[in-house]
Amino acid sequence: TGLRKDTEYITTGGIISAEDATFVNNCRAIEINSYAGVAPAGTVADNACGFENCTFTVGMDNHFASNNTAFTEHVRLWDVKGVKFKGCTFENQSNNMFGNGRGIYAEDAGLRLDVKCANNNVGMPGYCGCPPSYADSCLFNGFSTAVEINATGTPYTLTVNRVRFENNGTGFQINGNEFVTLTLNDFNLQRAPYTVSNCGVKLNGCTGYKVEGNRFHKAGKNILLSSRGVSVNNSGPSANSIYRNIFDTLDYGIE
């Protein structure tokens, strides 16, 4: 959120709190810019912006081409910490052959993607957190890259839990970040928009990451589409973990 004058951002710090909202056919639906609230201990506090059960979608009509513009991403974050998305749907249903944009793009920003637990949630013995029958997961469908994170300064924590990624060129791409946690997510790599290869998770120059309990899969062999579960390049010195994941019918499980 911010007031733009030419290329400068004059003020930031407004709060967006949305529930059950729908954002349709926007070049960019949400933009949250640099703001660092201070917690009592003197550290940077999590941002107050949050989204629950919201739908971000691009339709199959010719809306952008007819207005001489293009879809970029549904959400852009810059230099903010801890923006929360629970049970949200991000989709691109268009037939654009030259790039299907991104669901979320972040520069030096931290976020949390998680389930939205129903108010009538009943705890199940032996199950930590929200049981599947009471949980609405986030979904990313139909993007060139569903979520892309770049870190050039001090990185904020990224937490991605129980998210579904379907029909994306790349599900989750992180460049130069620290302490990324990806747990219990589902990456369906059967299809991808206008590409010859796809990948569930790309970790480029990352360190301190945890990739655990995720499923990377295709329904069967697709000779026209090369698929990779996790691609790792230039890991850093902190403890890194790729543990107890499932890789099913892929060309490369871990590369």
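Report yes if L224 is more than 20 Å from the chain's Cα centre (by Cα), within 16 Å of N167 (Cα to Cα) and buried (at least 18 other Cβ atoms within 10 Å of the Cβ), otherwise no. So L224 does not fit the description; no. Scanning region 228-242 for residues that are part of a strand (DSSP E or B), hydrophobic (A, V, I, L, M, F, W, C) and open to solvent by 50 Å² or more (accessible area, probe 1.4 Å) returns a single hit, I242. Just for region 183-195: of the residues that are part of a loop (DSSP other than H, G, I, E, B) and farther than 13 Å from V211 by Cα, which one is modelled with the highest pLDDT? Top of the filtered list is L189. Scanning region 211-221 for residues that are in a strand (DSSP E or B) and either touching a Phe, Trp or Tyr at 6+ places or on another chain (Cβ under 6 Å) or open to solvent by less than 80 Å² (accessible area, probe 1.4 Å) (or both) turns up V211, E212, F216, H217.
Among the residues here, C199 qualifies as touching a strand residue (DSSP E or B) at 6+ places or on another chain (Cβ under 7 Å), open to solvent by less than 60 Å² (accessible area, probe 1.4 Å) and under 16 Å from G169 (Cβ atoms). Are any of the residues in region 52-61 open to solvent by less than 20 Å² (accessible area, probe 1.4 Å), modelled with pLDDT of 95 or more and among the hydrophobic types (A, V, I, L, M, F, W, C)? Yes, some residue in region 52-61 is open to solvent by less than 20 Å² (accessible area, probe 1.4 Å), modelled with pLDDT of 95 or more and among the hydrophobic types (A, V, I, L, M, F, W, C).
On the given criteria, is D79 open to solvent by 20 Å² or more (accessible area, probe 1.4 Å) and in contact (Cβ under 8 Å) with a residue 60 or more places away in the chain? Yes: the conditions hold for D79. Of all residues in region 243-255, those being over 18 Å from T181 (Cβ atoms) and not in a strand (DSSP E or B) number 4. Out of L250, L189, one residue alone is open to solvent by less than 70 Å² (accessible area, probe 1.4 Å), under 16 Å from the mean Cα position of the chain (by Cα) and under 28 Å from N96 (Cβ atoms). It is L189. Taken over region 193-221, the criterion of being under 18 Å from the mean Cα position of the chain (by Cα) and hydrophobic (A, V, I, L, M, F, W, C) is satisfied by C199, V201, L203, C206, V211, F216. Does S241 satisfy the criteria of being among the small types (G, A, S), at pLDDT below 95 and touching a strand residue (DSSP E or B) at 6+ places or on another chain (Cβ under 8 Å)? The answer is no for S241.
The values are calculated or read from the model by the stated rules, or taken from the named source; none is laboratory data. These numbers were taken from a predicted model, which means no experiment stands behind them. Backbone-built Cβ (ideal geometry, glycine too); neighbour counts: all protein chains shown. Protein only, heavy atoms only, side chains kept; ligands, DNA and RNA dropped before computing areas. Shrake-Rupley method; radii C 1.70, N 1.55, O 1.52, S 1.80 Å.
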